[in-house]
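The values are calculated or read from the model by the stated rules, or taken from the named source; none is laboratory data. Fair warning: this is a prediction, and the values are worked out from it, not measured in the lab. Methodologically, a virtual Cβ is constructed for each residue, glycine included, from the backbone with ideal geometry; neighbour enumeration extends over all protein chains shown. SASA here: full protein model, heavy atoms, side chains in, ligands and nucleic acids out. Shrake-Rupley method; radii C 1.70, N 1.55, O 1.52, S 1.80 Å.
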Amino acid sequence: MNNRYTKRTFLLEIVAIALAIVFMIPFYFVLVNSVKPFAAILIDAAAWPEEFMFSNYARVWEIIQFPRAFMNSFIITTISNIGLVLISSMAAWKMVRTPGKFSKILFILFVSAMVIPFQTVMIPLMKVGGTLGLTNSIPGLILMYFGFGVPLSLFLYHGFVKTVPVEIEESAMMDGCSSFGVFWRIVFPLLKPITVTVVILNTLWIWNDYLLPLLVLQDAELRTIQLAASSFFAQYTKQWDMGLAALVLGITPVIIFFLFLQKHIIKGIASGSIK
């Protein structure tokens, strides 16, 4: 029995390692080709570079004005995360603590919004955004992220709030604490695991998003990192050496962020969404 179990575990580990290698192949191509001359990429994209052209990164830094693009992405991601956490956590807590037909219908509507493809609302969104003056504006883009990000965030918070004992809140209210105070002093600190999960998932989505910023932001000084990197891939010209270096610069901050907080993802989702 133990031998069979050991063999099965060994085979599963081999399969897992093989899958990991397969998934790492795109990263290899991006990293290796980001330090090659353009001609070397065209000759053999899979080959190890004969010379490392780290000057690609310096040129990209100046061409796309990386500090400005980074700051735009940072501001959009940070403020969007703060708004999504505040809106979703408060709404989920209120729905859970005031059970009824209205809360149930409202929750179903939010959850149903998660299955609607973005492409189906893309054109109406741009028409409404243009009418309200939300286009070509970072605050307008952030407001749109609020709308698209609340359903998933609220769904995760809704499940986690159910694990918070209501007796704690009742005791605080008997001691004279207001509803506002109960949430911020007692409930919200207990939501830390799922809050970290929501922040990680939304950061990965917003930081790497390309389509919505492309539709909303037109001015060059408002471009995010993803929009700035795409400028190297035009219709008739593709600067692979510059473009891949820009991609590495763009994904490095979010990879570091993800690796630093990844342990909280499974813990938060397992504690909340399946309750």
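Residues in the stretch 1-43 that are among the polar types (S, T, N, Q) and in a helix (DSSP H, G or I) were compared, and the one that is modelled with the highest pLDDT is N33. Among the residues of the stretch 71-80, are any out of contact with any Pro (no Cβ under 6 Å at 6 or more places or on another chain) and farther than 17 Å from L222 by Cα? No; the residues of the stretch 71-80 include none that is out of contact with any Pro (no Cβ under 6 Å at 6 or more places or on another chain) and farther than 17 Å from L222 by Cα.
Flag: I75 matches the condition of being under 28 Å from L211 (Cβ atoms), of a type in the set (V, I, T), open to solvent by 40 Å² or more (accessible area, probe 1.4 Å) and at pLDDT 90 or above. Here I105 clears all of (1) modelled with pLDDT of 90 or more; (2) surrounded by 12 or more Cβ atoms within 10 Å (Cβ to Cβ) except the condition numbered (2). Being of a type outside the set (A, V, I, L, M, F, W, C) and outside any helix (DSSP H, G or I) is a description that applies to P49. A91: open to solvent by 20 Å² or more (accessible area, probe 1.4 Å), among the hydrophobic types (A, V, I, L, M, F, W, C), touching a His at 6+ places or on another chain (Cβ under 9 Å) and assigned to a helix (DSSP H, G or I), yes or no? Spelling it out, A91 is indeed open to solvent by 20 Å² or more (accessible area, probe 1.4 Å), among the hydrophobic types (A, V, I, L, M, F, W, C), touching a His at 6+ places or on another chain (Cβ under 9 Å) and assigned to a helix (DSSP H, G or I).
Taking the stated definitions as given, is K238 surrounded by fewer than 14 Cβ atoms within 10 Å (Cβ to Cβ), basic (K, R) and under 20 Å from the mean Cα position of the chain (by Cα)? No, not satisfied.
I'd like to check something: does the stretch 22-34 contain any residue that is open to solvent by 50 Å² or more (accessible area, probe 1.4 Å), under 30 Å from P189 (Cβ atoms) and of a type outside the set (D, E)? The answer is no; no qualifying residue exists.
The sole residue among S137, S178 that is hydroxyl-bearing (S, T, Y) and at pLDDT below 90 is S178. Just one of (1) out of contact with any helix residue (DSSP H, G or I) (no Cβ under 6 Å at 6 or more places or on another chain); (2) open to solvent by 50 Å² or more (accessible area, probe 1.4 Å); (3) part of a helix (DSSP H, G or I) fails for L247. It is (1). Residue under question is F27, and the condition is that it be over 14 Å from D241 (Cα atoms) and without any contact (Cβ under 8 Å) to a residue 60 or more places away in the chain; does it hold? Yes; evaluated as a whole, the condition is true for this residue.
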